[in-house]
Amino acid sequence: MHNSKLDELLEESEKSSFKSLELDTNIALTAQEVSDRIQDREERKKYASKTFIFLSSFTSAILIIITIAGFSTATGFKLDDTVLIALITSSLASIVGIFILVMRYLFR
């Protein structure tokens, strides 16, 4: 009878220490998950702003080329209509593609 009481106490002690260890592990995992999310947010902000700057610069460069080609009589810079169409469509496809690719990666 004395041994069964002792066995029960040992079993309860093992269960409580296991639960304590499990709780400590869950707390550590939760702290790591919070840290990961904070880092992810910072990375998202950084890459989102860099993507915006890149796409804005790319769009501005294309608009400047189109504007200069529009004033071909004054500037002497002339592009054929097919070249302008190809420039506009390919740059639009690039801008949309980069935007979708980066945003899907950053903001799942």
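Structural remarks
- Nearest-0.05 FRET efficiency for S94 and Q32, computed from C-beta distance (R0 25 Å): 0.05
- Gained length - M103 relative to K78, 0.36 nm times residue gap less alpha-carbon distance: 5.4 nm
Values quoted throughout were computed directly from the atomic coordinates according to the rules given, and no laboratory measurement underlies them. Source: prediction; values computed, not measured. Quick reminder, even Gly has a Cβ in these numbers, built from the backbone with ideal geometry, and neighbours come from all protein chains shown.
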